[in-house]
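Data block below; observations after.
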Amino acid sequence: MAIRITYNKRLREIQDEVLLMGSMVEKAIARSIDALKRRDLKLAEQVVEDDQKINQKRFAIEESCITLIATQQPMAGDLRIIITVLNLITELERMGDYAEGIARITLMIGDEPPLKPLIDIPRMDEKARDMLRRSLEAFINRDSDEAIRITAEDDEVDNLYDQVFRELLIFMMEDPRTITRATRLIWVAHNLERIADRVTNICERVVFTVTGKMEEIGASKY
Amino acid sequence: MTNKIETINLSLWYGEHQALTEVSIEIQKNMVTALIGPSGCGKTTFIRALNRMNDLIEGVRISGEVLLDNEDIYADSIDVVHLRKRVGMVFQQPNPFPMSIYDNAAYGPRIHGIKNRGKLDEIVERSIRAAALWGEVKDRLNKPALALSGGQQQRLCIARALAVEPEVILMDEPCSALDPIATTKIEDLIQDLKKEYTIVIVTHNMQQAARVSDMAAFFMMEEDRAGVLVEYGPTSQIFTNPEDKRTEDYVTGRFG
């Protein structure tokens with residue numbers, strides 16, 4: 001028996017919007033690293049500009065959630081979905097800010113000569129985006145096991161960050177003139193590390209959606 | 001937490017129809033317990049079994065036990081009038097007697113033999129105050145109760161129930177005939193009353209159950225029998241993370 005048709009439709013639409021926002025954020029992260037690699041200042045500017053769209057999407061989803069709560073009184077599993085969505089969009093919005101931050105660093109670097117070819121930073125980017133994409137899939141599939149697995153993968157990003165940090169530290173010690181450029185790259189790596197960390201927050205919320213339990217899963221090193 | 005009422009395998013039949021099916025539940029003292037479930041699931045039958053209101057209906061058969069402070073209320077030694085003094089009831093439609101406000105509140109105590117005017121005055125004031133109605137009626141206690149608004153009438157009925165100093169108050173959809181403001185007043189009142197009394201409330205309004213109760217019990221009917229207790233637990237759990245799929249479907253509005 002089909003019941004609460006409008007309500008079910010709204011609930012589904014909200015989750016679709018979260019996926020859409022997730023892909024906007026993923027694209028922003030990928031583009032910010034791409035712009036850094038290729039010194040594409042125009043693309044970096046685009047990332048900065050597009051962050052507004054991510055922020056607006058977040059407010060639009062939040063409003064839909066508020067309206068649904070006010071008019072349809074979601075309960076139990078549905079209530080947990082809505083609460084999770086409210087948390088997810090906050091995490092996603094913040095990840096968008098990190099991507100914007102990376103783009104701004106690229107703009108700051110401008111046409112300075114590269115310090116070194118980027119190797120580990122693109123790896124961090126790929127890993128973090130892979131985790132992000134899968135965490136949202138886990139949300140849609142209500143797959144708490146997958147969410148817990150993804151959380152464990154945060155260590156890989158942390159290790160890459162350590163590697164980037166150590167390597168750049170050596171550059172700076174050898175030649176203090178590289179300090180400015182090296183520090184900027186550390187910021188980039190740090191932003192990526194934070195992105196992966198926020199994916200683990202999403203994963204915790206997926207577990208909450210499925211089980212109703214709120215718990216921190218595997219605290220990050222940073 | 002202490003048990004005020006406990007039912008053990010309580011079953012009830014109206015003739016051939018089974019309206020309660022082996023209900024075992026422990027109702028906690030000084031808490032509000034909400035009974036929820038679709039129409040015909042047996043909530044009202046259950047609440048009425050707690051002060052033997054079903055005795056008045058012909059063809060009722062009961063098995064199992066209902067313990068009030070560990071004493072079986074269906075035992076032969078139980079005085080039903082005394083039981084109903086300890087376990088009072090408020091109904092869906094406000095049903096004040098066609099007499100003055102004062103006489104409504106004094107009705108129970110008079111039946112139980114209190115004649116002293118000073119003593120009655122004191123009980124009337126105390127119970128009307130406890131029902132959060134005193135400020136609105138203190139200057140017109142001798143006016144007919146039926147001249148009050150629906151919400152005031154319902155609070156007067158609560159005052160009337162309180163006047164005999166019950167231990168448990170059963171409320172069968174006490175707000176379903178009231179407007180939202182009057183409903184809010186009754187809900188606030190329930191929160192006050194639970195400090196002194198144990199309250200069991202039947203409500204069709206799930207939001208109300210979520211707002212007023214500490215514990216919630218979800219009843220359902222099955223093909224050939226009703227009054228099946230599906231899940232009983234803290235209200236916060238029933239409405240955010242119920243254990244049973246059927247409870248989840250009901251509280252999310254997907255059936256019932």
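Tabulated data for the structure shown
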| read-out | value |
| --- | --- |
| Span per principal axis, largest first, for the Cα atoms of the protein assembly as shown (Å) | 102, 51, 40 |
| Coil-residue trypsin sites (Lys or Arg not before Pro) of region B:170-256, DSSP, other Cβ within 10 Å capped at 12 | B:Lys195 |
| Cross-link table A:Lys9/A:Lys53; A:Lys127/B:Lys245; B:Lys43/B:Lys119, entries beyond 32 Å C-alpha to C-alpha | A:Lys127/B:Lys245; B:Lys43/B:Lys119 |
| Alpha carbon centroid spacing (whole Å) that separates region A:158-195 from region B:42-78 | 76 |
| Rounded Å value of the spacing that divides the Cα centres of region B:1-21 and region A:1-53 | 55 |
| Distance between region B:153-209 and region B:103-141 - C-alpha centres, whole angstrom | 18 |
| Where GluC sites (Glu not before Pro) in DSSP loops with at most 11 other Cβ within 10 Å are excluded, longest remaining stretch of chain B | B:59-222 |
| Sites B:Asp214 and A:Thr67, calculated FRET efficiency, Cβ-Cβ separation with R0 35 Å, nearest 0.05 | 0.70 |
| For chain B, built as a Gaussian network whose Cα springs stay under 10 Å, the top-fluctuating residue of B:Gly108, B:Gly227, B:Gly42 | B:Gly108 |
| Longest DSSP-loop-exposure-free segment, trypsin sites (Lys or Arg not before Pro), chain A, at most 16 other Cβ within 10 Å | A:40-141 |
| Rounded to 5, percent antiparallel among DSSP beta bridges of the protein assembly as shown | 60 |
| Sites matching GluC sites (Glu not before Pro) across region A:136-222 that sit in DSSP coil, with at most 12 neighbouring C-beta atoms within 10 Å | A:Glu215, A:Glu216 |
| Which of B:Gly135, B:Ala226, B:Leu193, positive extreme of dipole for region B:3-251 (C-beta unit charges) | B:Gly135 |
| Cα radius of gyration and Dmax for chain A (Å) | 19.2, 72 |
| Beta bridge orientation in region B:3-251: antiparallel %, DSSP, nearest 5 | 60 |
| Gyration tensor verdict on region A:64-138 (Cα atoms; rounded if a/c is under 1.5, prolate if a/b is larger than b/c, oblate otherwise) | oblate |
| Within a Gaussian network of chain A (alpha carbon springs, distance under 10 Å), most fluctuating of A:Glu91, A:Glu63, A:Glu112 | A:Glu112 |
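Where a number appears in this text, it was derived from the coordinates with a stated rule and is not lab data. Only a predicted model underlies this, so the values are computations on that prediction, with no experimental measurement involved. Here Cβ is always computed from backbone atoms with ideal geometry, including for glycine, and neighbour counts include all displayed protein chains.
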